[in-house]
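The values are calculated or read from the model by the stated rules, or taken from the named source; none is laboratory data. Because the structure is a prediction, the values reported are computed rather than measured. We place every Cβ from the backbone using ideal geometry, glycine too, and count neighbours over all the protein chains shown.
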Amino acid sequence: MSGSAGGEPVEIALIGAQRPATVAALERHFKLHHVYAEADPLAALRALGPRIRGAAGHGMAGLRKEHMDLLPRLEICAINGVGLETSDVAEAKRRGIVITITPVLYDDVADLAIALALDACRRIAEGDRFVRSGKWLHGRPPPGRKLTGMKAGLIGLGRIGTEVARRLEAFRCEIAYVDPLPREVAYRHVTDAVELARWSDLLVLAAAGRPKGTAPPIVDRAILEALGPRGIFVNVARGWLVDEPALVELLASGGLGAAGLDVFDDEPRVPEALLALDNVVLTPHIASNTEETAAAMGETVVGNLVSWFAGKGALTPIP
Ligand code: 8YV
């Protein structure tokens, strides 16, 4: 074991599930505690207390203050993902605990955003159902929409949003965005998300947000209404960053054209009403889930913890 101090292996708490290959790699270096799988994870952490010097979570299972309160010797938490909405970053910083992310997934998330946009436009999943159910024998399906040349609005132009925009350029889309940070890009910067939505044919949410329940949704009803009956909405960020009840209602009533959704407010539960709608394509939070990227993410988690406990610092810490 490389992560050992004075012969004793460093003990790591898994506060979020990791893939089997990541677990196997971590086990070669550390003593692992699968805390997330316990009936009462906090009680398990309490029992381990000062033995734990490292942790590993993921985008939907981050490092919370309750964890830190129980782990006085925690030095580092490796997040398998880039979303930090479930981690208390300010509290970790205050305590000097390093948080690392896996900045290797931007291409895949952008690829899925395009796939969802294409599916929502071209009704691919609906077409698949049309063929399988035998409806094709009785007629042609309704036409889709043309993605090429659409006006595309991006909410968030960080690493993911930028990759989405680059791909949309290949579709000859006109691109505009809202983002709190000034970006040195040729795309049109808009300050008001409602105005952006009114202009857009396609609106993609690719922004980082606040923890669930702590702030109003970034995409509220007014934005969705401005996108309107012909508008197409894609979400590869977090479900709670959208007013989900309004989204469902507008999709069902025709107030919003179509949507491609990879994330939901209460995963893995999806609003029942969405299941019956043909104008929405639903995927189970798979944006980073390719064999290649899952492996790279796992390696990044392991690499961060191994490097840290070898005294060489973290590889991909957040600033
Ligand atoms: C992962 C993600 O699926 O990076 C993120 O924040 O949401 C995804 O890459 C997630 O970490 C799994 O919970």
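Could you please let me know if P9 is outside the structural domain of R166 (by TED's automatic domain parsing), modelled with pLDDT of 95 or more and closer than 20 Å to S307 by Cβ?
Yes.
Collect the residues in the stretch 164-175 that are touching a residue at least 12 places away in the same chain (Cβ under 8 Å) and surrounded by fewer than 20 Cβ atoms within 10 Å (Cβ to Cβ), keeping them in residue-number order.
Those that are touching a residue at least 12 places away in the same chain (Cβ under 8 Å) and surrounded by fewer than 20 Cβ atoms within 10 Å (Cβ to Cβ): R166, R167, F171, R172, E174.
Can you pull out the residues in the stretch 40-73 that are in contact (Cβ under 8 Å) with a residue 40 or more places away in the chain, outside any strand (DSSP E or B) and not charged (D, E, K, R)?
Those that are in contact (Cβ under 8 Å) with a residue 40 or more places away in the chain, outside any strand (DSSP E or B) and not charged (D, E, K, R): M60, G62, L63, H67, L71.
Take residues that are without any contact (Cβ under 8 Å) to a residue 40 or more places away in the chain and small (G, A, S) and tell me which of the strands (runs of 3 or more DSSP E) falling wholly in the stretch 223-310 contain 1 or more.
On the way: elements: 232-235, 258-261, 280-282.
It comes to none.
Please find, within the stretch 102-154, the residue that is surrounded by the most Cβ atoms within 10 Å (Cβ to Cβ) out of those that are within 16 Å of the ligand (Cβ to nearest atom) and over 15 Å from V236 (Cα atoms).
Initially, the stretch 102-154 is screened for residues within 16 Å of the ligand (Cβ to nearest atom), giving 102-113, 115-116.
When the remaining residues are screened for being over 15 Å from V236 (Cα atoms), the result is 102-104.
Numbers: T102: 25, P103: 14, V104: 19.
Within the stretch 102-154, the match that is surrounded by the most Cβ atoms within 10 Å (Cβ to Cβ) is T102.
Which members of the stretch 263-283 meet the condition of being in contact with a helix residue (DSSP H, G or I) (Cβ under 6 Å, 6 or more places away or on another chain) and within 13 Å of the ligand (Cβ to nearest atom)?
Passing the criteria: V263, F264.
Looking at the structure I just gave you, is P217 assigned to a loop (DSSP other than H, G, I, E, B), within 13 Å of the chain's Cα centre (by Cα) and under 21 Å from R159 (Cα atoms)?
Values: assigned to a loop (DSSP other than H, G, I, E, B): yes; within 13 Å of the chain's Cα centre (by Cα): no; under 21 Å from R159 (Cα atoms): yes.
Considered against the rule, which asks whether it is assigned to a loop (DSSP other than H, G, I, E, B), within 13 Å of the chain's Cα centre (by Cα) and under 21 Å from R159 (Cα atoms), P217 comes out as no.
In this structure, does V301 turn out to be assigned by TED's automatic domain parsing to the domain that holds P217, of a type outside the set (F, W, Y) and either within 15 Å of the ligand (Cβ to nearest atom) or surrounded by fewer than 21 Cβ atoms within 10 Å (Cβ to Cβ) (or both)?
no
State all residues of the stretch 68-91 that are closer than 18 Å to R46 by Cα and more than 16 Å from the ligand (Cβ to nearest atom); if no residue qualifies, say none.
M68, D69, L70, L71, P72, R73, L74, E75, I76
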